[in-house]
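Bear in mind these aren't lab numbers, they're just calculated from the coordinates by the rules spelled out. All values derive from a computational prediction rather than experimental measurement. Please note: Cβ atoms are built from the backbone with ideal geometry, for glycine as well, and neighbour counts cover all protein chains shown.
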Ligand SMILES: NC(=O)c1ccc[n+]([C@@H]2O[C@H](COP(=O)([O-])OP(=O)(O)OC[C@H]3O[C@@H](n4cnc5c(N)ncnc54)[C@H](OP(=O)(O)O)[C@@H]3O)[C@@H](O)[C@H]2O)c1
């Protein structure tokens, strides 16, 4: 007999009926966890539960999961209009019709658990409001970082802090590609094709490699951390498609790793929210997060630095986060304590990107002749950009040579103005790449 088998929690409620929307990767993971760990979840939740309907696109589709096909439906009203179902778990993905279904469920007085970052990033504030008005729960732990607990820590465990900074590796595909590029010296496109073959990248990879997926997740994290509504359109977003093996080799030379980071910072005049490739000192905790793993680094004024690390995707890791939310709903329901977590919505201004200050890595190709460095230095100097390190690699008689600079901290608008000047210098062939540097200097 397994531990706890046969025990009945005291004061057991009658069975709670759950409607599952979606039986793909995460839906199947949730179904498996609820089945495999049923007894222990039942004891912890203090309530019996049962999935009574599962919405799918095609109920006739063959499925590897052993399931009673009588549970499957293609009609959302079989869940949304069923008064016996009090918890809806939305795992179909995409904005529509998922948003419509979540809103309808909340309006019908049902608690909702979702892992849908697109819906929460786009409509989270409105849905939270609807849930509050109806006195029901809306939980979305699986929407950021897969199995990593980060929403609950921000919402509950760290609620006594002013959050100063969040920096996250929140997209496994791009972290896998950058890790492979740095370990093998391989080109971006070759690693992307391999990642697609291995199932780590989608056939349509733009959402990941252009940084949009990370931007959605940043909106969710920053809104919670700074208690302010934020839209994905406000987030500066730059992907990893321009990173070359040269950039990775120069980063390594200076003691940095290259990571796609989702960054949100509280400043005296507002908040910053941006997603871009970043040079991070190799001794920074995020620099050693490799492959498809995710991690979120948080700085609070009281707690100091924290890092949450784990699997950012997958059926069981994401299912673990979704099931934890379901148990929270069941526990709240049992105690009549719904919507117990209140969120204050401030209106913190967002700092325009041109006012954001970071250090920069700049890689140029220039003719190898006397006076070029002095011209580049003068162009930086004219916009008050000061240089921290410089490296010129090789000698090129007729070929342009790479010259790399790392600057001190400077505002984006000064950096852009200096790059405009540098771009007009006759001895400069091109500005090959510009990457922001975060996290201090390498030891
Ligand atoms: N995959 C991950 O590792 C991961 C991690 C974190 C968060 N998430 C989030 O979790 C959600 C689900 O992702 P997933 O990877 O599990 O998706 P998925 O594998 O594509 O599964 C989607 C499921 O929803 C059903 N479905 C899709 N559109 C529908 C519609 N309009 N009406 C009815 N059913 C519909 C599909 O039905 P059929 O089975 O009939 O096709 C399928 O069962 C997304 O919001 C995603 O962002 C996923």
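Gain in length, residue 155 to residue 420, computed as 0.36 nm per residue apart minus the alpha-carbon separation, to one decimal in nm? Mind dumping the intermediate values first?
On the way: separation 265, 0.36 × 265 = 95.40 nm, distance 4.31 nm.
That works out to 91.1 nm of additional length.
Grab the beta carbon distance between residue 253 and residue 398, set R0 = 35 Å, and tell me the FRET efficiency rounded to 0.05. Mind showing how you got there, number by number?
Numbers: r = 25 Å, r/R0 = 0.72.
That pair, residue 253 with residue 398, gives E of 0.90.
I want to verify a result. In a Gaussian network model of the chain, Cα cutoff 10 Å, which of these has the top mean-square fluctuation: 332, 116, 175?
Between 332, 116, 175, it is 332 that shows the largest mean-square fluctuation.
Provide the FRET efficiency to the nearest 0.05 for the residue 409-residue 184 pair, computing r from the beta carbons and using R0 = 25 Å.
Numbers: r = 32 Å, r/R0 = 1.30.
The formula returns an efficiency of 0.15 here.
To the nearest 10 degrees, how steeply does helix 212-226 sit against the main Cα axis of the chain, on a 0 to 90 scale?
Once rounded, one gets 70 degrees.
Using alpha-carbon pairs under 8 Å, 6+ residues apart, how would you state the relative contact order of segment 353-437 in percent? List each step's numbers first, then the result.
Numbers: 165 pairs, mean separation 41.6, N = 85.
Reported as a whole number, the value is 49 percent.
Give the relative contact order (percent, whole number) for the chain; include only Cα pairs under 8 Å separated by 6+ residues. Mind showing how you got there, number by number?
Values: 913 pairs, mean separation 72.1, N = 443.
Relative contact order here is 16 percent.
What distance in nm lies between label points placed 7 Å from Cα along the C-beta direction at residue 61 and residue 227?
Roughly 4.2 nm, to one decimal.
Between 141, 238, 90, which gets the highest mean-square fluctuation from a Gaussian network model of the chain, Cα cutoff 10 Å?
Taking springs between Cα atoms under 10 Å, the residue moving most is 238.
Under a plain spin-label model, where a point goes 7 Å from the Cα along Cα-to-Cβ, how far apart in nm are residue 43 and residue 204?
So the two model labels end up 4.6 nm from each other.
Normalised by the empirical 2.2 N^0.38 Å for globular proteins, what value does the Cα Rg of segment 208-289 take? It would help to have the intermediate numbers written out before the result.
On the way: Rg = 13.8 Å, N = 82, 2.2 N^0.38 = 11.7 Å.
After normalising by residue count via 2.2 N^0.38 Å, the value is 1.18.
Of 388, 165, 409, which has the largest mean-square fluctuation in a 10 Å C-alpha GNM of the chain?
388
Classify segment 23-148: rounded, prolate or oblate, from the alpha-carbon gyration tensor (a ≥ b ≥ c, eigenvalue square roots; a/c under 1.5 rounded; otherwise prolate if a/b is larger than b/c)? Before the final figure, lay out each step's value.
Values: a/c = 1.40, a/b = 1.26, b/c = 1.11.
It comes out rounded by the Cα gyration axes.
Give or take rounding to whole Å, what are the principal axis extents of the alpha carbon atoms in the chain, in descending order?
83, 46, 39
Say each of residue 132 and residue 162 gets a label point 7 Å from the Cα, pointing the same way as Cα to Cβ; how far apart are those two points in nm?
Spacing of the two 7 Å Cα→Cβ label points: 2.3 nm.
Set the Förster distance to 56 Å, then compute FRET efficiency between residue 431 and residue 32 from the Cβ-Cβ distance, nearest 0.05.
Values: r = 51 Å, r/R0 = 0.90.
Taking R0 as 56 Å, the efficiency between residue 431 and residue 32 is 0.65.
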